[in-house]
Every structure is written in structure tokens, then in C-alpha cells.
Amino acid sequence: MRANDQGLSVNSGAVAKRPEDVKDGSGSVFSRRTKGDIAFDVVNTIIMVLFTVIMLYPLINTVAMSFNDGIDALRGGITFLPRVFTLKNYQTVLAKEGMMTGAKISVLRTVIGTVTSTLCTALLAYVLSRKNFIFKKQLSMLYVVTMYVNGGLIPVFLLYKSLGMTNSFWVYIIPGMVSAWNMLVLRTYMNGIPESLSESAELDGAGHFTIFFRIILPLSMPVIACVSLFTAVGQWNSWFDAMLYNRMSDNLTTLQYELMKLLSSVTNNNANAETMKEANNMVTPRTMRAAATVVTALPIVCLYPFLQRYFVAGMTIGGVKE
Amino acid sequence: MKPTNAFKKVWKNQKVLILMSIPFALYAIIFSYVPLFGWVMAFQNYKPKDGLLHSKFVGLQKFTRLFGDDVFLKTIRNTFCMGLMNLVFGTVCAILFAILLNEFWSVKGKKAVQTISYLPHFLSWIIVTGICFDVLAMENGVLNDVLVGLHIIKAPINWLAHPKYFWWIVTFSNLWKETGWNSIIYLAAITSINPDLYEAASIDGAGRLSKIWHITLPGLKPTIMILLIMNIGNVLNAGFEVQYLLGNGLVQSVSQTIDIYVLKFGISNGDYSLGTAAGIFKSIVSIALIAIANWGAKAAGEESLF
């Protein structure tokens, strides 16, 4: 950053012709660039390249590690590619107790949690987007307040416990069934759908459920897509609920929680690392953890390029709402 | 028209909507409002077998114990400092990144860098802290390798074992994960700045840096203010996952945050009352922070949330 400032301050007095507009990019504009512009671009490019390396290197290195022989990796020097290729890390990780259950539960909670949360939240948004609804104000207040005030960890913990939601799959689903924040985003969007559409359907004798499922929901698809994607990522990535409520139930573990156990067994206990090395002579905690990380991150990284525009659109909708 | 008639009419027209809203109201009450009654615990010596109704009231005893506890006072400091570092560096880096990205000369490169920069936001903290452990490792950790290779340090450092590095490690992890994502909103704000302003500045002979300083940054000011207000209320909330996952016995004095304290003393040690008291303290401070930030923004003539 400092280099950038200095490079520019030298030239800041120079007369810059119209800088290239972001949109017209290349070619003709180059002739009009001053030294200051060029210096700026050089420094900016260096920063961007550095930034990209810092963002990507740890991820690529993890992938390389996950395919590398464990003992060989101890020698160091693994950077972008594995040196001694092996699938042993993945075999060990996938054979590990809990990993398969975790994967199954993670998929289940992501699918069920996303569908129920999106549907319920959209239905609430629909109710609150009806212009004349008599309790509109009260019901939305009830939800908006929850965005600022909550009982905190312990009262919530005791509530779930008394409702029998500990050691149960439902603790992954029920608490997130309605999200106040998503409701606001959805409602803003639904408010923008012309009222005449619902009205004419009503004249044709359609009830609220028909209007919701046949008209409002299909028309809200872009924003529904965003909301459900965010919910899905949140479900896939959460681990704290598994640790807090379901740690006694091995059959309800999640992939993230399994990865966390792997992480803490490695960091807290070096003796453990030694025993593992001997027991399994090509896999070390580090390479095994790399493999588990790749498995856990895989769904998101694979889907990410396709879904990115929805995520960004959602962020901007939320931002406008602010 | 009599009120009863009016109600009948509403009921006739909106029966389905009213019936639909009942489960939603119940859901909010049970899962968001019932826990608030749990706050009573903070003023009791809560025993699970006696429940809320029969536990003995002890007044403010739990709060006095809390504020007499050196460990808790440290957690307040830790939560606050890490939250603040996160807020300040997070905001500055996101703005800088948005501006630099906006000025980047290649449209394709811009898209690529943007895509890469968002990715870590979607990875869980478990994965990100795992990566942290690898990067900071004593043996074959890339940070130590690079620093030793450049002769900046003589021997590898065990970064996570020294309290003096911990807050910076947390801050950098947050930056790595969120800078790209946080910049989205600033990028959107930059594109909505009137291009005529840049045009006029160019005619007046302004350089690139002075255009950033005199046009882009002032154009971003309302966005920055709103996000700051929103995030100040969250300062105390920014202290759980990463500290919990990266922390260890050696750096406990600087890594424990209020949320970790609640988890440790409230749930693991079973002192629900003490944990709840700590939670209440956090909630009240958070709400006060939002109110102060909002009031400050209003007083300064900026936009405010309420």
C-alpha cells in the first residue's frame, strides 16, 4: 500500500488526460495515458497479483498436500503440486468413523433446512406483503425486534433442551426455519410485484395458497434463489450446533464437526500425531486433515463459480434495503 | 359502522391470512421471546431441578461476581479490542480493495480477482482456521518459510503460542476471509457515483490519486457511515468462532472472548446464572453501542438507521 502511495504522489501533480474508462478498457486509450497513469497501473497490478496469490496459495497448497504422501510431505517443499502422489489420505479420511455419517447428515440438513427455511420465510413474507392485512405492522414488528434482541446462548440452550431438541436432528432445522433478515429481503421484492396480478387471480377465485405458489413464488424466483443459496451455505458450514446440542449423538454428527475434531486432535496433542504416524505409515495428521478439508469444501468450491452471481445479487439487494 | 361489524368484515376477508400468521407469531414468541424470560436466571442461583420459578433470587450477586473476576474483565477487553481491530482494518481494507479493483485496467482480470476474493467468505471457519494452522505452522508453514527465506527472522516462530501475535492473527484471518466480500457493497457504491464528476475533474487537470481522494471517497461516505453504524453494534458479536478455534492454553489470556466465557463457565461448568449474566451484559452493551453510533451519526448530520 505504501509503495502505491509513493508511486502516485510523484505524479499526482501531472496532468492526467481522461483516464481509461473502466468499460472501454484497452486500445485507443493507451495513447492518452500519462506517466502517472502507467505508474498507477503497474503498482495496482502488482497489488492485485499479490492479493490473488495470498488468497489462492493456501487453498492450492491444501489440495496439493491432500494428494501427497504423508511422510514425504514432512520433508517440506510442497507448494502447488503434490510430489509423491497418493490417494491414501482420502482413503483414510473416508474410512474414518463418523466421516460418512457426517457427510450424510450434512447433506440432509442442507437440503431439508434450506427447503423448509426458504418456504416458511417466503410464506411469512407473502403474508406481510399483503397491503391490507390487518396485523401486518404487529407481525413484522415481532420479527424485526428479534434481529436486535435475543436471549443469548444459555436461555436458548435451556429452551431447546426442554423442547427435546438436543440429541435430535431437528435442532439443525427448526431454529432457522424463519429468518427475519431474509423475510425483509423477500418482502421488499414481493412488494414490488404488481398488485393487479394477485387481484385478478382473486377475482378468478384463487385462494392465498394458490396465489402464493402459482404467482408470487414463481415471480420471486431470482430473490428466492439468493436466499436459499445463502441458507444452504450457512447450513453446510455450521458446526456449533452439532457440537453444542448433538455431541453425544455420533449418528447426528456433521462433516464440519468431524473436521473440527480432526483439527483439535492434531493441534492439542502432538503425541497423538506420533502414534498416528506409526499406525498408518503414509498418512500424517497434516495430509489427512488436508484431505478432509478438501472433502468438506468441495461442494461449495464446485458450485461457487455458477452461483456467484446470485450471491452478489443477494448482497446488493440486502445492501439497497439498508 | 359498528366496530364489531368492521371486525366481522375484516375477518371474512382476511381469515386465511390471520390463520396463516398464527403459527408464525407462535414461532417468533417461542424461539425468540421465551428465551428472554431466561434472563431472570441472571438474578437467581439457578438450579435446573428447581427451574425458573423456584430457584432462589440472589439480586445482583452474579453480576458483582462477574465484575470481580479478572478472567471476565480480560474477556471484555479481548472481545472489544479484537472486534474493533476487525472493524477498523476490515473497513479500511475493503474500501481500499474496492477502489483499487475499480481502477484495475483489465476488465477480465477484474472479474477474476473479484471471483477469487469472494471465495473464502463461503468457506467455514473450521476450514479457514485449519488453513491458518498450516500457514503458521513451525514446520513447513509458509509464513515461517518465507520470513526465514527472506532473512527477516532467524528461526521459525510458533506464532500461535505467543499472546502478542494472537489478535493480529485473528485480524488477518478475518481480512483473508472477508475483504473481498465486504468490498462488494463499496464497489456497487462506486459504480453509482456520477461519471460526470470524474470527467470534470479530468478537465481541471486532476490526477488519478486526487480523483480518488476528492470524488470516490466522498462518494463512498454515506455507505461507509451506514455500514459503520451497523457494524459497531456487531463489534461484540465478532468474537467467537475464530477465537474458539484458534485459541489454546498458551494464549488464553488474550484469546477468550465473552461468548467463549459464556460457553465455558455457563454451559461446560454448569453455572447457568453466571453465563446468562455475562450474556446480558453483552446484549446491553451491543444495543447501547448501536444507539450511540446512531446518535453520533445523526449529530454529525449523516444518514442514520432509525
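Where a number appears in this text, it was derived from the coordinates with a stated rule and is not lab data. In this text the structure is predicted, and so the values were computed from the model without any measurement. Here the Cβ is made from the backbone with ideal geometry for all residues, glycine too, and neighbour counts use every protein chain on show.
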- Computed FRET efficiency, Cβ-Cβ of B:Ser192 and B:Ala288, R0 30 Å: what is it to the nearest 0.05? 0.35
- Task: Sort out for me the Cα centre separation of the range A:134-167 from the range B:59-120, rounded to whole Å.
- Result: 27 Å
- Note on the structure: Length-normalised contact order of the range A:83-240, Cα under 8 Å, at least 6 apart, in percent, tallies to 40 percent
- Note on the structure: Beyond 20 Å (Cα-Cα) in this structure, taken from B:Lys108/B:Lys221; A:Lys161/B:Lys282; B:Lys177/B:Lys298; A:Lys96/A:Lys261, we find B:Lys108/B:Lys221; A:Lys161/B:Lys282; B:Lys177/B:Lys298
- Message: For B:Cys81, B:Cys132, which order do you get if you count the other beta carbons within 10 Å of each Cβ and list the fewest first?
- Response: B:Cys81, B:Cys132
- Task: Summarise the long-distance tail of P(r) for the range B:40-165 by giving the % of C-alpha pairs beyond 16 Å.
- Result: 80 percent
- Message: Given points 7 Å out from each Cα along the Cα-Cβ axis, report the B:Ser106 to B:Trp213 separation in nanometres with one decimal.
- Response: 3.0 nm
- Mean Cα-pair separation over length for chain B, i.e. relative contact order, pairs under 8 Å, 6 or more apart, %: 26 percent
- Pull up all non-local amide H partners of B:Gln44: gap of 5 or more, or a different chain, and H-to-H distance under 5 Å with H placed in the peptide plane. B:Val58
- the range B:189-265 versus the range B:1-48: alpha-carbon centroid distance in Å: 38 Å
- Answer with one residue from B:Gly130, B:Val142, B:Val58: the one whose Cα lies farthest towards the positive end of the charge dipole of the range B:36-158, charges on Cβ with Lys, Arg +1 and Asp, Glu -1. B:Val58
- Semi-axes of the range A:39-173's equivalent ellipsoid from the Cα gyration tensor, sqrt of 5 times each eigenvalue, largest first, rounded to whole Å? 45, 28, 15
- Message: List the lysines whose Cα sits under 20 Å from the Cα of B:Lys154, skipping any in the same chain fewer than 8 residues away.
- Response: B:Lys164
- Message: Calculate log10 I(q)/I(0) of chain B for q = 0.16 Å⁻¹, where I(q) comes from the Debye formula with a single equal point scatterer on each Cα and nothing for solvent.
- Response: -1.31
- Sequence-distant or interchain residues sharing an amide H contact under 5 Å with A:Ile173, placed H: which? none
- Message: Just to be sure I understand the model, the point goes 7 Å from the Cα along the line to the Cβ. What's the resulting B:Ala300 to B:Thr91 distance in nm?
- Response: 0.7 nm
- Message: Can you compute 3J(HN,Hα) from phi for each residue in the range B:286-292, using the Karplus curve 6.51 cos²θ - 1.76 cosθ + 1.60 with θ = phi - 60°, rounded to whole Hz and x for Gly and Pro?
- Response: 4, 5, 4, 4, 4, 4, 5
- With N set to the residue count of the protein assembly as shown, report its C-alpha Rg divided by 2.2 N^0.38 Å to two decimal places. 1.06
- Item | Potential extension, A:Leu108-A:Ile134 segment - 0.36 nm per residue separation minus Cα distance | 5.6 nm
